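The values are calculated or read from the model by the stated rules, or taken from the named source; none is laboratory data. Because the structure is a prediction, the values reported are computed rather than measured. Neighbour counts run over all protein chains shown; Cβ positions are idealised from the backbone, glycine included. To get the accessible areas, we keep the full protein, side chains included, count just its heavy atoms, and leave off ligands, DNA and RNA. Shrake-Rupley method; radii C 1.70, N 1.55, O 1.52, S 1.80 Å.
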Amino acid sequence: MLLLHYPLLLLLLLPLSSRPQKLPTRDEELFQMQIRDKAFFHDSSVIPDGAEISSYLFRDTPKRYFFVVEEDNTPLAVTVTPCDAPLEWKLSVQELPEEASGEGSGEPEPLEQQKQQITNEEGTELFSYKGNDVEYFVSSSSPSGLYQLDLLSTEKDTHFKVYATTTPESDQPYPELPYDPRIDVTSLGRTTVTLAWKPSPTASLLKQPIQYCIVINKEHNFKSLCAVEAKISSDDAFMLAPKPGLDFSPFDFALFGFPSDNYSGRERGFLKSSSKFGRQQSSKPRVDLHKVCIGNKNIFTVSDLKPDTQYYFDMFAVNTNSNMSTAYVGTFARTKEEAKQKTVELKDGKVTEVFIKRKGAKFLRFAPVSSHQKVTFSVHSCLGAVQIQVRRDGKLLLSQNVEGVRQFQLRGKAKAKYLIRLKGSKKGASMLKILATTRPNKQSFPSLPEDTRIKAFDKLRTCSSVTVAWLGTQERNKFCIYKREVDDNYNEEHKKREQNQCLGPDTRKKSEKVLCKYFHSQNIQKAVTTETIKGLQPGKSYLLDVYVIGHGGHSVKYQSKLVKTRKFC
């Protein structure tokens, strides 16, 4: 194929001397220099051999491109990519003038006669297409001649791309699709969708540099990356791939508007309005459309989507050497509905147990039946910290993080309704007990000291006993101590898993009970008790638990203590 502008092409068809002339073959060094100079083909009507060109069509204004195939039986491939509107296009071929093909009589023909010979002939139509798919014309053996590509957009002004080559087998600029080019939705949540796809053979077999770009929107699937880029505003065309180890959250989908804040990874878009087109493009509202390139991974999770919303997902394999792309078969999915938040009704003076998933939340409602001056909320966070928020008739009264046992007293109001929001920990699930009451003397949970550790005295340790101590309070409470033999490989990690303080003595075996006793001290500095646990085996490990039981029968467990008897005495 020859890279020529049409008037230039006609001049080269004239013989420079009386001997027969032949069109030159592609000068690869010159060709590479020319395709690097984008201005060389800017607004040219000649298609370069082996390079993709981008151009623009005004509505109902046809455009014609040319290229020359010098020899018969030449392989030929032409690809036309519509961007944001359907195209009508046709490929036809005319025979070259005899003199230009090297078979002339030696007498040059007048220029006007050659013009008419080329432009007046109808030519043979090879292929035609109408639509917005990426369409191809491929022939393993094409005749020599002057080829014409005619394009028309009847819908609107539009961008398009054209690629033509006489060496399709060696060029292969477009990434090859796998045998199954579909995108699979492997996981679906309320705010996340996980996608997977088979890798392009261009990457896995030919070892060419391929990256995958995902496009997410709420309108429809796209058939080409060109169509996507025509939709995206210039400020939001690209984002950087996520760094290794930071997978699955590469960009913020908050509100899925997408945020208009400047993002450092974004680059300027491909397409930009230009005065050379002679028409002003009307500004359009921002579209819910985003593209992210993720390198060569073939699994990706899109996060921060809206619940119960349908999204369309497209995947494009991009050859980073040629910057040319191939579209996988797009898919769509609807995120799951937001779980309807059930509101638990609290009864005055009654303890309610609540389980909260990791990062989850629960709502409770307390509506006292009688007028009240004060309302008390007692919270026992048994497993992990929780955040409690209390609103009265919509007004926020309390927002606190709670670990262990806490009590909050708020001013009451006639006919008031209280909404309690409990938010779980980011580290794991949470469990708690909560009591709401308008009776100020009603306390269901026992009071606790600030330090709920159990201390073991190493010097008092024997082969059959250990001595421990713990703090009490000024309030007289019942304390029960339990022991359980554990393996030598039992460690702090195992102990953490058993820190659910909501589990009381009633869940323990009778054989594990050591004793129960009442204890308190008006002097808080002296509120310490000790106990020697006997009847243990030499060289064995034991887990000790102390439960304090309040007047309402509800218990709170101190921090467990791991002890070990001496092996030799």
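Could you tell me whether C502 is outside the structural domain of D458 (by the TED database) and open to solvent by 10 Å² or more (accessible area, probe 1.4 Å)?
No; evaluated as a whole, the condition is false for this residue.
With the requirement that a residue be among the polar types (S, T, N, Q) and over 18 Å from L503 (Cα atoms), what does region 399-441 give you?
S399, Q400, N401, Q407, Q409, S425, T437, T438, N441
Yes or no: region 524-535 includes at least one residue that is within 24 Å of V405 (Cβ to Cβ) and in contact with a helix residue (DSSP H, G or I) (Cβ under 6 Å, 6 or more places away or on another chain).
There is no residue in region 524-535 that is within 24 Å of V405 (Cβ to Cβ) and in contact with a helix residue (DSSP H, G or I) (Cβ under 6 Å, 6 or more places away or on another chain).
Checking Q537 against (1) in contact with a Leu (Cβ under 8 Å, 6 or more places away or on another chain); (2) at pLDDT 90 or above; (3) surrounded by fewer than 15 Cβ atoms within 10 Å (Cβ to Cβ), which test does it fail?
(1)
Just the residues that are open to solvent by less than 30 Å² (accessible area, probe 1.4 Å) and closer than 17 Å to P209 by Cβ, please, taken from region 288-314.
C293, I294, G295
Out of region 430-445, which residues are open to solvent by less than 40 Å² (accessible area, probe 1.4 Å), modelled with pLDDT under 85 and not hydroxyl-bearing (S, T, Y)?
F445
Could you please let me know if I549 is assigned by the TED database to the domain that holds T473, farther than 24 Å from G404 by Cα and open to solvent by less than 60 Å² (accessible area, probe 1.4 Å)?
Taking the combined requirement at face value, the residue does not satisfy it.
Taking R461, is it farther than 21 Å from K347 by Cβ, open to solvent by 50 Å² or more (accessible area, probe 1.4 Å) and touching a residue at least 40 places away in the same chain (Cβ under 8 Å)?
Against the criterion (farther than 21 Å from K347 by Cβ, open to solvent by 50 Å² or more (accessible area, probe 1.4 Å) and touching a residue at least 40 places away in the same chain (Cβ under 8 Å)), R461 qualifies.
Does any residue of region 358-366 turn out to be within 30 Å of F313 (Cβ to Cβ), of a type in the set (D, E, K, R) and assigned by the TED database to the domain that holds V402?
yes
Pairs needed: first member in region 131-145, among the acidic types (D, E); second member anywhere, open to solvent by 60 Å² or more (accessible area, probe 1.4 Å); C-beta distance under 9 Å; at least 6 residues apart or different chains.
From region 131-145, the pairs are D133/K223.
Taking region 87-101 on its own, how many of its residues are in a loop (DSSP other than H, G, I, E, B), open to solvent by 20 Å² or more (accessible area, probe 1.4 Å) and either of a type in the set (G, A, S) or modelled with pLDDT of 90 or more (or both)?
Counting residues in region 87-101 that are in a loop (DSSP other than H, G, I, E, B), open to solvent by 20 Å² or more (accessible area, probe 1.4 Å) and either of a type in the set (G, A, S) or modelled with pLDDT of 90 or more (or both) gives 1.
So which residues in region 433-465 are assigned to a loop (DSSP other than H, G, I, E, B), β-branched (V, I, T) and farther than 22 Å from Y482 by Cα, if there are any at all?
T438
Do we have V486 as in contact with a Leu (Cβ under 8 Å, 6 or more places away or on another chain), aliphatic (A, V, I, L, M) and farther than 14 Å from V468 by Cα here?
Answer is yes for this residue.
Can we say Y65 is of a type in the set (F, W, Y), open to solvent by 10 Å² or more (accessible area, probe 1.4 Å) and at pLDDT 85 or above?
No, not satisfied.
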